[in-house]
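Take a look at the structure set out below.
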Amino acid sequence: MRIRVRSLLAVSSLALAMPALAQQAPEDAEAETQGEIVVTGARTILPANALPLTIDVIDRATLDQQVAISGSVVDAVANLTPSFSPTRQKLSGAGETLRGRSPLYAINGIPQSTPLRDGARDGFTIDPFFIDRVELIYGSNALQGIGGTGGIVNQVTVAPPREEGLSGRALVQGNADTGFHGDGLGGKVAALLAWRAGRFDAMVGAAYDKRGAFYDGQGRRVGTDLTQGETQDSQSWSLFARLGYALGETMRLDLIASRFELKGDGDYVAAGGDYRIDLPTSSVRGTPPGVPATNRTESVALSLTDSALWGGNLVSQLFYNRSRDTYGGEVAPIATFQDARIAPVGTLFDQSQNRSRKFGGKLSYERAIPGFEALTATIGFDALWDKTEQRLIATDRVWVPPAEFRSLAPFAQANLALFDKALRLAGGVRHESVKITIDDYTTLASYNPAHRTAPVSGYAVSGGSPEFSDTLWNGGVIVEPLAGIRAYASYAEGYTVPDVGRIARAINRDGVDLDDYLDLTPIVSNNREIGVEVKRGPLDASASYFWSSSDQGSLLVLVGGSYEVQRQRVEIQGLELNLSVRTPLPGLTVSTGYAHLLGRTDSNGDGAVDQDLDGANISPDRFNLAASYVHGPLSARLQTQFFLSRRYDGLARIYDFGGYNVTDASIRYQTRFGGLTLSAQNLFDAFYIDYYSDTVRPTDNAHYFAGRGRNFTLGWDLRF
């Protein structure tokens with residue numbers, strides 16, 4: 001089942017860095033106990049209904065079901081979350097938002113993003129086969145550290161074995177479009193072995209996924225995005241290992257390592273469409289120039305936890321993460337790469353690659369105050385170092401200069417229970433100290449307007465080491481007059497840095513000194529939220545209203561074929577409604593969800609918002625409807641997502657969104673020899689232009705992409 005926890009944002013560093021690794025409880029630890037749900041990844045031993053948080057937990061069964069339908073964790077989250085934008089079904093997640101802001105993807109609390117140069121590949125860094133559950137934390141909040149102004153998507157890897165000896169599981173899947181085209185066939189095989197002997201346990205696994213070409217609802221191949229990268233016509237390898245050792249009754253040491261690589265096969269090139277007659281971009285056989293778009297991530301984390309250290313709970317973690325994201329290249333549309341000193345303008349081919357590595361640590365200690373057990377306090381410290389650059393690999397040039405990032409953040413949180421827990425107060429403070437270091441560099445020639453008529457260099461930029469610090473506050477209150485009925489309110493400040501790489505590479509004037517360049521200043525977002533929740537009997541319902549603002553927001557704007565950042569004031573408000581009812585028919589549950597979002601920005605710099613955010617920066621309103629059935633060995637789900645039409649105030653009518661709906665289905669039968677699953681994405685084979693293409697690049701015939709049509713997945717999985 002999908003566990004839903006709706007409370008407020010405000011508790012201890014929610015850094016989810018909690019080694020779900022080390023504090024993995026049995027699956028039934030997330031079951032209801034007198035109306036309380038314990039979420040082990042929330043970096044606290046308090047039950048979730050004691051926390052002012054808005055959390056959704058997608059459990060293993062639900063995640064497997066959604067991944068069988070769509071193929072990825074990103075799509076699974078988007079399918080189930082009304083305030084998450086529809087995915088692009090591409091390797092790049094640029095423009096995919098949660099509550100109108102960027103989500104932070106994490107694995108066991110380790111951030112997968114690159115704060116200095118957001119490559120938008122952080123949703124594809126591990127195979128879903130190795131994920132036990134996904135925890136969503138909504139809204140801007142600095143408690144998770146840098147990033148995640150829209151929320152956190154934390155992927156918790158599989159738990160260590162609980163039984164002595166050998167155990168494991170295996171998966172075999174096949175996928176085909178509705179026309180069963182030969183090039184549309186795909187498949188996946190995966191296996192995980194686990195072993196436990198006394199205090200020691202170990203796990204090792206591998207997954208291989210081959211994806212065929214995608215076809216739209218009219219039987220055409222979906223267009224290929226050569227630059228940003230594709231999940232179609234690709235293959236991926238994912239390796240996973242985990243070693244654990246119990247140092248004592250309450251103390252545990254865990255080491256987790258993973259490697260993931262997704263690489264395009266390079267079998268197709270794009271064939272332009274025609275937006276005037278609603279003809280989408282397609283793909284034809286051909287060999288793209290350069291190296292196929294690739295995403296590669298390697299990660300290792302060591303955690304030490306003790307749930308009874310001096311009467312409290314200690315969680316510590318060290319991690320290292322390295323990524324290399326290669327983007328496809330083109331000649332004509334990417335004027336940014338042109339340099340008449342190398343080749344005549346309009347003839348030079350190039351492609352870029354992000355190279356990033358980061359390491360850091362997280363430490364927290366939580367316990368009830370002796371003699372005043374109603375008050376639980378947490379203190380902690382988080383540190384992160386990141387070094388990133390973006391190179392043009394065909395000509396060996398630097399596009400984004402090597403940049404170093406350092407974040408140091410002590411924090412403290414408190415949670416006070418009053419009147420037999422009918423009233424709870426939570427609050428805390430976090431101090432962020434950030435330093436960004438970039439040496440002197442020269443921009444690409446194309447940022448100098450004279451490059452079109454003469455062989456000139458770009459602009460010389462004086463590097464620097466700007467430092468920023470801020471103290472960020474949060475607070476919340478929960479009133480629970482009856483078990484299962486709650487009302488709540490909160491205030492929290494979120495903190496992140498803009499896409500420094502995009503800003504640094506796009507400087508187009510002389511005399512810029514990065515030490516006092518205002519566009520590098522961090523983004524502070526103020527998030528307020530109120531809501532109610534009812535969880536009684538067969539009813540699970542919630543309603544929340546939130547509004548957030550940032551004086552110097554960060555917006556993606558398409559400039560000359562590549563996306564750059566503009567700093568503008570941003571205000572966002574939204575309403576989320578969710579309802580789930582267990583019907584009198586045993587095993588049948590019906591559910592619905594609705595999200596309404598409104599985002600505005602200050603387009604003319606006068607301090608007042610005057611224009612709607614576009615489709616690259618906010619999702620459409622959405623209505624979800626689903627029915628799930630579980631009875632004995634049989635389980636099934638039917639779900640429909642209605643993306644509602646929208647007109648954007650202040651933008652030309654061509655950017656209006658017409659809306660569409662997609663229905664998915666899945667059925668599973670468990671036998672003594674494993675489970676059989678048959679799933680269908682876009683069951684009724686609806687034809688539609690995807691949200692991003694329809695609202696961001698509606699007149700770009702080379703990027704006018706249709707969504708994927710009906711496709712089937714048949715799978716068999718076995719646990720032993």
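Taking a virtual spin label 7 Å from the Cα of Leu255 along the C-beta vector, which residues in the stretch 273-312 bring their backbone nitrogen under 11 Å of it? What the label zone holds, given the 11 Å backbone N cut-off, is 301-303. Taking only protein heavy atoms and a 1.4 Å probe, the accessible area of the chain is 59% carbon and sulfur. The stretch between Trp385 and Ile667, if pulled fully straight at 0.36 nm per residue, gains 97.0 nm over its current Cα-Cα span. Extension gain for Arg719-Asp132 works out to 209.9 nm (0.36 nm per residue, less the C-alpha to C-alpha distance). Determine the shape class of the stretch 46-161: with a ≥ b ≥ c the square roots of the Cα gyration tensor eigenvalues, call it rounded for a/c under 1.5, and otherwise prolate if a/b is greater than b/c, oblate otherwise. Since a/c stays below 1.5, the shape of the stretch 46-161 is classed as rounded.
The calculated FRET efficiency for Leu185 paired with Asp656, based on their beta-carbon distance and R0 = 35 Å, is about 0.40.
Calculated mean residue ellipticity, 222 nm, the chain: -1000 deg cm²/dmol, from DSSP H runs (n ≥ 4) at -39500 (n - 2.57) each, averaged per residue and rounded to 500.
For the pair Ala61 and Asp610 in one chain, pulling the backbone fully straight at 0.36 nm per residue adds 193.2 nm over the alpha carbon distance. Between the beta carbons of Glu467 and Asp513, assuming R0 = 22 Å, the FRET efficiency works out to 0.95 to the nearest 0.05.
In the complete set of protein chains, residue-level accessible area for Val477 is approximately 50 Å², probe 1.4 angstrom. Normalised by the number of residues in the stretch 506-645, the mean separation of alpha-carbon contacts (under 8 Å, six or more apart) gives a relative contact order of 16 percent. Computed from the Cβ-Cβ distance with R0 of 60 Å, the FRET efficiency linking Ala627 to Ala454 stands at 0.35.
Ranking Val189, Val222, Val398 by solvent-accessible area of protein heavy atoms (1.4 Å probe, all protein chains present), from largest to smallest, gives Val189, Val398, Val222. A 1.4 Å probe run over the chain, with the rest of the protein chains in place, finds 37 Å² accessible per residue. A 1.4 Å probe, protein heavy atoms only, puts the accessible area of Val532 near 80 Å². Placing +1 on the Cβ of every Lys and Arg and -1 on the Cβ of every Asp and Glu, with no other charges, gives the chain a dipole of roughly 1200 debye about its Cα centre.
Distance between the 7 Å Cα→Cβ label points at Leu166 and Leu247: 3.2 nm. Only lysine pairs 8 or more places apart or on separate chains count here, and in the chain those with Cα atoms under 14 Å apart total 5.
The values are calculated or read from the model by the stated rules, or taken from the named source; none is laboratory data. Because the structure is predicted, anything quoted here is derived from the model rather than measured. With ideal geometry, Cβ positions are generated from the backbone for all residues, glycine too; neighbour counts draw on all protein chains shown. Heads up: the accessible areas ignore ligands, DNA and RNA and are worked out on the full protein's heavy atoms, side chains in. Shrake-Rupley method; radii C 1.70, N 1.55, O 1.52, S 1.80 Å.
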